[in-house]
Amino acid sequence: MRGGRQFDKGFTLLELMVVIVIVAMLFTFVALTIRTTAPEDLIKQEALRFDRLLQLILEESVLKNADYGIEFGTDGYRFLQYDDDKWSPITGDRVLRTRTLSNDMELELALEATDIEIHPVDPATIENKDDIKPQIYILSSSEITPEFELQFFIPTVSTRYRVTGEFNGKHHAERIE
C-alpha cells in the first residue's frame, strides 16, 4: 500500500436498497397488469356497482326532490328521470349512464316476489318516448317501489349476487349460492 487508501469495489447499502425498491415496483406493476379477472369477480363487481348507483340515485332523489326510475333490459339497465309528465333516460351524466353487462352475464328481476321477464331495450331504437316505463321507481321521499330482488349471474358459474331493495329505501348486495 503506497500511502493511499484502497477502495473496495462493490455496491453500497443505499444503492442496493434503491435497486430493490425499483424491482419491487416493477414487479407490482407487472403483476397488476397481467392479472385476469375471474368470472366470480365480474359478477361481484357488477352487483356492487349497481348497489352503489342505487344509493347515489336515492340520495339525488331527495336532494333534487325528483323522481327517478330504473329500466332493465336483457343486456343491462339504465336510469330514467320523470320530467314534464313523462319518463326519459338520464343523459350527459357519466355516473348514471346506461350500463351494459358483459355478453355472458344475465339478470333476473323479481318485483314484490313476482318474477319479471326482462326484454331487450335498445335506447337507440326507441322513437316514442312515451313508451319508456321503469320497472323500479325511486321516489323523492327516498322510497323504492316496488320492493325488488335483482340477481346477477353467469350461467356457467355457480356464484350469484343478489341486490334487494325495500320500500323504506334500504338496499344491500350479497352473495348467494
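List of remarks:
- In this simple spin-label model, placing a label point 7 Å from the Cα along the Cα-to-Cβ direction at both THR74 and PHE167 gives a separation of 3.4 nm.
- Residue separation of GLN45 and THR28 scaled by 0.36 nm, minus their Cα-Cα distance, works out to 3.9 nm of gained length.
- Of the labelled figures [x] 1.32; [y] 0.96; [z] 0.99, only one reflects Rg/Rh (Cα atoms, Kirkwood Rh) as derived from the coordinates, namely [x].
- Lysine-lysine proximity count for the chain, Cα under 29 Å, sequence distance 8 or more or distinct chains: 10
- For a paramagnetic label modelled on SER142 (point 7 Å from Cα along Cα→Cβ), amide N atoms under 20 Å away belong, within the range 46-63, to 51-63.
- Normalised contact order of the range 33-111, rounded percent, pairs of Cα under 8 Å and 6 or more residues apart: 21 percent
- Theoretical gain in end-to-end length, ILE20 to GLU108 [0.36 nm per residue, Cα-Cα removed]: 26.7 nm
- Angle between the chain longest axis and helix 39-63 axis [Cα atoms, degrees, rounded to 10]: 60 degrees
- Relative contact order [Cα under 8 Å, 6+ residues apart], the chain, whole percent: 23 percent
- Crossing angle, helix 13-34 versus the chain [Cα axis fit, 0-90 degrees, rounded to tens]: 30 degrees
Read-outs throughout are calculated quantities, based only on the coordinates presented, and are distinct from any laboratory measurement. None of the values given here were measured: they were computed from a predicted structure. Methodologically, a virtual Cβ is constructed for each residue, glycine included, from the backbone with ideal geometry; neighbour enumeration extends over all protein chains shown.
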